[in-house]
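Before any comments, here is the structure.
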Amino acid sequence: MSQTYIELLRRALDEELSLDPAVHLLGEDVAAGGAFGVTKGLAQKHGARRVRNTPISEAAIAGLATGAALCGLRPVLEIMFIDFATLALDCLVNQSAKYRYMSGGQLAVPMVVRTQAGAAGGAAAQHSQSLESWFIHVPGLVVVAPSSPVEAYGLLKRSIRLGDPVLFIEHKRLYALREELPANLPLPDIGRARVARAGCDVTVITYSAMVGSALEAADIVAGQGLSAEVIDLRTLTPLDMQTVAASVMKTHRVVIAHEAVRNGGVGAEIAARLAGELFDELDAPITRVGCRFAPIPFAPELERAVLPGTADIVRAVQAACA
Amino acid sequence: MRAVIDTGDPGLEEWKRLFGQLWRIRAFEGQVQTLAAAGEVPGFAHLSTGQEAVAVGVCAHLGREDALFTSHRGHGHVLAKGSDARAMLAEIIGRSTGLCQGHGGSMHLVDAPNGVLGATGVVGGNLPLAAGAAWAAQARGKAAISVVFFGDGATGAGIFHETVNLSVLWQLPVLFVCENNGYAEFTSREEHSTVGSVRAFADPYGMAAATVDGNDLPAVFEAAREATARVRSGAGPYLLECMTHRMAGHYVGDAQHYRSREELAAVTAKCPIERMKRRLLGLAVAREELDAIGEAAIREMAQAVADARAGAPADPRMALCHVYGAPALQANPGAGE
């Protein structure tokens with residue numbers, strides 16, 4: 001039986017709540033199911049003490065979760081939109097990320113901040129952003145961006161058990177996607193990318209919702225005789241450069257695709273590393289696909305005009321292989 | 001103001017011990033000032049000189065299992081909680097023998113086994129952490145409480161109000177101790193807030209609160225006794241506003257041009273150590289005994305500096321340690337660089 005991205009996130013939370021009494025959920029409306037219904041029914045099943053509604057106080061609830069994590073809880077905090085993480089940045093950047101380090105290893109912050117990002121039609125400039133690159137700039141944070149329902153399930157379970165603060169970025173466009181959870185599926189390792197599709201002519205490095213676009217693009221260029229390998233990074237910190245390098249040494253051509261703008265983005269980081277470490281392996285300039293450098297607009301025509309998609313990846317692959 | 005002998009009076013020997021604690025903080029901060037002036041303290045040093053009675057009066061009611069969070073002006077709190085002066089000084093001068101192996105410094109002292117869970121250099125950032133520690137204690141059925149020290153300047157931050165609201169809503173066992181020294185860094189309270197007292201912020205949230213003369217050790221002791229007992233009883237959070245004075249500047253090297261000579265003289269006249277000394281003299285404790293207590297503290301801290309200096313410098317090989325805990329992340333070159 002297939003389940004949606006939302007249902008498999010809920011299943012992961014439900015299982016971890018059952019397995020470990022230290023796991024607690026908190027956030028705005030989470031006891032009522034959350035804005036997207038991810039936590040629906042969990043307060044009824046696990047109790048209102050473990051699945052708790054909070055005021056609209058992102059700064060305080062991020063601090064609350066961090067303080068509780070220092071003292072033995074494993075809080076899973078929901079920040080409804082990544083756009084609102086701006087309000088929690090002091091805590092995430094100055095406290096959560098640095099506590100283990102500043103304390104000389106005496107303390108840890110085993111906390112997951114679940115949030116969702118990306119554009120999905122008309123949510124406009126303050127509910128559609130992809131801000132992940134802000135967080136990969138901060139040592140001490142782990143950044144996870146799952147691309148499918150099954151990936152979301154496994155990576156969320158791993159994130160809750162990890163022991164370091166994790167920013168877990170879901171994508172609202174993936175929420176209704178369905179997939180069947182295979183029996184006895186091993187959970188993915190945090191920090192290990194996956195080859196979503198094998199190929200030999202070009203490597204498309206991507207994550208989150210753009211993995212789907214890259215797979216579509218790979219199908220299209222296959223009809224034109226081009227074999228694209230698609231790498232789903234899964235985690236943006238740490239970056240699995242081993243898996244990336246193995247692919248690039250096979251294909252010698254690289255396209256990096258993400259929904260975030262290119263300026264200062266994850267793609268810039270990967271491109272710099274590849275240029276530094278595998279310069280001699282590259283047969284073509286590295287190409288980046290990303291959002292146009294504008295706030296996400298409201299009107300669908302405008303939104304489509306800035307967002308990257310399958311066609312952009314196809315063009316980039318064709319250019320890289322020209 | 002309460003007399004020394006009152007309900008819950010801990011007895012003369014305990015008062016003398018607490019008097020010694022005031023002196024230990026004063027002497028500790030004196031050493032930090034000297035070290036900073038000599039260039040031995042990397043970065044900034046913020047002294048709590050003049051505010052000792054708040055630290056001592058509150059921490060007298062805390063056990064090791066109680067969580068303490070402090071601010072950039074936190075040396076006194078950590079010392080009063082019972083942490084080792086040598087390990088604190090070693091941290092403040094950046095030695096590998098410091099509490100945090102030189103990873104934290106003056107503004108980020110942590111001594112987890114002693115319940116000192118951290119100090120934050122971002123004003124107000126410690127408040128929700130303390131509430132979180134209190135939530136963990138509540139959720140795990142522990143008797144421990146959480147205490148956070150902050151200045152009146154922190155009430156200018158929205159996070160103060162967010163945290164108070166949440167703490168009352170969830171009835172968290174957290175004690176908010178405001179050291180109202182009348183200054184947000186260089187800016188006086190009159191210039192940074194239209195609300196006269198910090199205690200007043202408790203009312204709309206329905207939080208129990210009190211204001212006390214923070215330079216009067218017995219008064220702080222008694223107020224903190226009531227506050228901690230109430231928080232321990234499960235009655236929810238409490239705000240204790242302690243009116244005090246910063247005898248030193250915002251940081252070592254601050255010339256305090258924004259304070260008049262008269263103001264500084266008045267602050268010196270309110271010295272909590274002198275006040276406690278007069279109280280103890282009034283209880284027929286010999287002047288020589290009180291002087292000896294002060295001298296012992298000064299000797300202890302001089303020795304603590306010598307011990308701290310003897311520690312090995314921070315080890316550059318440790319610079320990439322403690323960024324992550326998970327083994328897979330430590331090993332991944334992408335995680336740390």
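Values quoted throughout were computed directly from the atomic coordinates according to the rules given, and no laboratory measurement underlies them. From a predicted model like this one, the values you see are computed outputs, not experimental measurements. Cβ sites come from the backbone with ideal geometry, for glycine too, and all protein chains shown count toward neighbours.
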Original post:
At B:VAL195 and B:LYS142, where each label point lies 7 Å from the Cα along Cα→Cβ, what is the point-to-point distance in nanometres?
Top reply: 2.9 nm
Original post:
So what is the 222 nm mean residue ellipticity for chain B from helices alone, if each DSSP H run of at least 4 adds -39500 (n - 2.57) and you divide by all residues, rounding to the nearest 500 deg cm²/dmol?
Top reply: -13500 deg cm²/dmol
Subject >> Estimated FRET transfer efficiency (B:SER188, A:LEU89; beta-carbon r; R0 22 Å; 0.05) >> reply: 0.15
Original post:
Modelled label-to-label distance, A:GLN44 and B:GLU300, 7 Å Cα→beta-carbon offset: nm?
Top reply: 5.9 nm
Original post:
Rounded, prolate or oblate: which fits chain A, taking a ≥ b ≥ c as square roots of the Cα gyration tensor eigenvalues, rounded meaning a/c under 1.5, else prolate when a/b beats b/c?
Top reply: prolate
Subject >> Neighbour net charge for A:ALA117 - beta-carbon separation under 12 angstrom, K R +1, D E -1 >> reply: -1
**OP:** About the Cα centre of the range A:2-180, how large is the charge dipole given +1 on each Lys and Arg Cβ and -1 on each Asp and Glu Cβ? Please answer in debye to the nearest 20.
**Re:** 320 debye
Original post:
Taking the Cβ-Cβ separation of B:GLN256 and B:ARG278 as r and a Förster radius of 22 Å, what is the calculated FRET efficiency to the nearest 0.05?
Top reply: 0.25
**OP:** Count charges around B:ILE145 for me, please; just the other residues with Cβ under 15 Å from its Cβ, Lys/Arg as +1, Asp/Glu as -1.
**Re:** +4
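Would you calculate a helix-derived [θ] at 222 nm for chain A, using -39,500 (n - 2.57) for each DSSP H run of n ≥ 4 and dividing by the full residue count, to the nearest 500?
One gets -10000 deg cm²/dmol as the mean residue ellipticity at 222 nm.
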**OP:** For the protein assembly as shown, give the magnitude of the charge dipole about the Cα centre (Cβ charges: +1 Lys/Arg, -1 Asp/Glu; no others), in debye to the nearest 20.
**Re:** 760 debye
**OP:** Quick one: go through the range B:11-42 and flag any residue whose amide nitrogen is under 17 Å from the point 7 Å out along the Cα-to-Cβ line of B:ALA229.
**Re:** B:11
Subject >> Local electrostatic count at A:PRO55 - Lys and Arg +1, Asp and Glu -1, tallied over other residues with Cβ under 10 Å >> reply: -3
Original post:
In whole Å, what is the distance between the alpha-carbon centres of the range A:81-142 and the range A:48-72?
Top reply: 15 Å
Subject >> Distance between modelled label sites at A:LEU187 and B:LEU169, nm, 7 Å Cα→Cβ extension >> reply: 3.0 nm
Subject >> Point-charge dipole on Cβ atoms (K/R +1, D/E -1) for the range B:84-233, about Cα centre, debye to 20 >> reply: 620 debye
Original post:
Which of A:GLN116, B:THR187, B:VAL177 sits farthest toward the positive end of the charge dipole of the protein assembly as shown, with +1 on the Cβ of Lys and Arg and -1 on the Cβ of Asp and Glu?
Top reply: B:VAL177
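Under the rule a/c < 1.5 gives rounded, and otherwise a/b versus b/c splits prolate from oblate, where does the range B:12-314 land using the Cα gyration tensor?
On the way: a/c = 1.33, a/b = 1.23, b/c = 1.08.
Rounded is the answer for the range B:12-314, as its axis ratio a/c remains below 1.5.
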